[in-house]
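Okay, structure first, notes after.
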């Protein structure tokens, strides 16, 4: 199911039928709620796996691969970085971002090693093989510690993806979680519907 | 053998009479009642003025008040109900046209009365109406700022103003103003069918316009009164 179809289902529930042209709940607004709800169900999926099976796991369906992520060098720190498509989820290391690799054409075929930002000072102090590359996420950036120049290279990142503005994209969620996402979004929208809109422009904030 | 054809009872004839009236019959009916209830003569110009005011008032009612409702704590005080009855009455006035947008502005059509919808010319995307006091919030909105696939407009004077600024055309679906009806005559108040202008409304709306015409003139009737009088007019051939 594409996001557009899912959004249409939500809008029909919200409006009690096919929305009119003057409907002001836009597809993009619903999509913003879906992004947040998807992140929540990914976390539920992760914790469910621990509760039920006793092992950490996130369904493979949540993962997407992003290519051609260009790398730049930070002049102050000497580290390299790229911009991720979204802030990674707060899952255990190796689950939010599962894999970082480089295209074989770059000659950097070996997978970088994930570390925590708290381990960086330690790693800065130890000897390391020149070919090893370490990475860690900070917000929406993925940083690299590398003795090999990465400028001009691009990376391939496989990560749990819950955000996109492409409404024609397929929902990368296991089908059984769709009703949960629907309920979460409709709960947001219940508040929206129940809150009186200040439609009078009289200079008084009536929130 | 049982006939399935409905017999022409007097009430049926009356029904046809009151539902299927031309401007001459409406004028005769209204004149009769003015004479009966006010004892005065209704000049054609006065009738034309009253019937046109009545049809504009009726159009305003259908497009402005038929959708009033309360849902929870929200209230929608305007707009029209697009049900079969209202939609059928208004269908004669619903028009579609293309707007050319220059510097974000497009003029309203000459016969524009009230807007129903605005879309991109390919009908792929709705163009949302936004109040002038919310334009800033939309234009700089981080979630759904206007784009060519999610445009917005507002009404400024006799123009529509569109966002984003790259939008060059739009399709408008609107209600046109009803043409002014006219009871024309020659000589000694002889009905001039050639120069008269009929109401554009569907036949089932004629009685509503008659009621409103009488109200404007100052006669307020109940349904039964109007039915009896209409029957009298019919029987007497006036």
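Average projected area of the Cα convex hull of segment A:60-160, in nm²?
Dividing the Cα hull surface by four gives the mean projection, 6.4 nm².
How long is the protein assembly as shown along each principal axis, judged by its Cα atoms, biggest number first, in Å?
For the protein assembly as shown, the Cα extents along the three principal axes come out at 115, 57, 50 Å.
Using a Gaussian network model on chain A with a 10 Å cutoff between Cα atoms, which of A:17, A:96, A:139 fluctuates the most?
Between A:17, A:96, A:139, it is A:17 that shows the largest mean-square fluctuation.
From the square roots a ≥ b ≥ c of the eigenvalues of the alpha-carbon gyration tensor of segment B:98-176, which class results: rounded (a/c under 1.5), prolate (a/b over b/c), or oblate?
Because a/c hits 1.5 or more and a/b exceeds b/c, segment B:98-176 counts as prolate.
Rounded to the nearest Å, what's the spacing between the alpha carbon centres of segment B:165-195 and segment A:1-80? Just the number, please.
Value for the Cα centre distance between the two parts: 53 Å.
Angle check, please: helix A:27-53 long axis (alpha carbons) against the longest principal axis of chain A (alpha carbons), in degrees 0 to 90, nearest 10.
Helix A:27-53 sits roughly 60 degrees off the main axis of chain A.
Counting only other chains, what is the mean number of Cβ atoms within 10 angstrom of the Cβ of each residue in peptide B:147-160?
1
Within the protein assembly as shown, what percent of beta bridges assigned by DSSP are antiparallel, to the nearest 5?
Just about 95 percent of them are antiparallel.
Cut-off is 10 Å between beta-carbons; in what order do B:190, A:87, A:44 appear when sorted fewest neighbours first?
By the 10 Å Cβ count, ascending: B:190, A:44, A:87.
Can you sort B:153, A:63, B:41, A:177 by how many other beta carbons sit within 10 Å, fewest first?
Ordered by Cβ neighbours within 10 Å, fewest first: B:41, A:63, A:177, B:153.
Order these by the 10 Å Cβ neighbour count, fewest first: A:182, B:21, A:159. Show your work: numbers first, answer last.
Working: A:182 16, B:21 21, A:159 24.
Going from sparsest to densest Cβ surroundings: A:182, B:21, A:159.
Which of A:91, A:196, A:13 moves the most in a Gaussian network model of chain A with Cα springs under 10 Å?
Per the Cα network of chain A with a 10 Å cutoff, A:196 tops the list.
Report the relative contact order of chain A, percent, no decimals, based on alpha-carbon pairs under 8 angstrom and at least 6 residues apart.
Computed over chain A, the figure is 29 percent.
From other protein chains only, count the Cβ atoms within 10 Å of every residue's Cβ in A:25-32, then give the mean.
4
Normalised by the number of residues in segment A:1-87, what is the relative contact order in percent for Cα pairs under 8 Å and 6+ residues apart?
Reported relative contact order: 14 percent.
Where does helix A:178-194 land angle-wise versus the long Cα axis of chain A, in degrees 0 to 90, nearest 10?
With both axes taken from Cα atoms, the answer is about 50 degrees.
Per DSSP helix of 4 or more residues, -39500 (n - 2.57); summed, then divided by the residues of the protein assembly as shown. What does that give at 222 nm, rounded to the nearest 500?
Counting only the DSSP helices, I get -10500 deg cm²/dmol.
Every number here is computed from the coordinates shown, using simple stated rules; none is lab data. Since this is a predicted model, take the numbers as computed values, not measurements. No Cβ is skipped: glycine too gets one built from the backbone with ideal geometry, and neighbour counts run over all protein chains shown.
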